[in-house]
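A short write-up of the structure that comes next.
The values are calculated or read from the model by the stated rules, or taken from the named source; none is laboratory data. Note that this is a predicted model, so its numbers are computed, not measured. Glycine also receives a Cβ, built like all others from the backbone with ideal geometry; neighbour counts cover every protein chain displayed.
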Amino acid sequence: MSASSKKARRGHAAYQRGKRSEFLCRLFLRLKGYRILASRYKTHQGEIDIIALRGKTVAFIEVKARANVHQAAGAVSPQQQARLARTAALFHAHHRGYSKYTMRFDVMLVAPLRWPRHIENAFQAHVRLG
């Protein structure tokens, strides 16, 4: 098997693991009373894994799946946080009905054989949302 073929298989496996992790997180959020507004919300600025609503709060959620929770917790870099904030600003601009809602950035950590760990307000946006 060639090196590029192995890399492609690993990439496909990671993609599938990510899809399963996001599905599990959406299920978990629904059980906590959230309504899923969008999954894999894509713009030219980037992608947000899950956008969910509960009460008057819109949560922009990044899902991180790793071998353990500690590895997952350190996986959201400052550059990624900035990209998420810019993407959230575009969502906000296109969905003005949520202008009076609280916007926050959450992270969900996924590790094998565990329920996802939901960290609310994991970081602050450094982009104007309105």
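A few notes on this one:
- Residue match in region 93-101 (condition: touching a Pro at 6+ places or on another chain (Cβ under 9 Å) and among the hydrophobic types (A, V, I, L, M, F, W, C)): no
- Residues satisfying the stated conditions in region 33-57, i.e. closer than 13 Å to Ala88 by Cβ and basic (Lys, Arg): Lys42
- One residue alone among Arg54, Arg30, Arg35, Arg26 is touching a Leu at 6+ places or on another chain (Cβ under 6 Å) and either under 23 Å from Thr102 (Cβ atoms) or modelled with pLDDT of 95 or more (or both), and that residue is Arg35.
- Looking across region 25-53, the residues that are assigned to a helix (DSSP H, G or I) and surrounded by fewer than 17 Cβ atoms within 10 Å (Cβ to Cβ) come down to Leu27, Phe28, Arg30, Leu31.
- Among the residues of region 1-36, those identified as of a type in the set (Ser, Thr, Tyr) and under 21 Å from Arg114 (Cα atoms) are Tyr15, Ser21, Tyr34.
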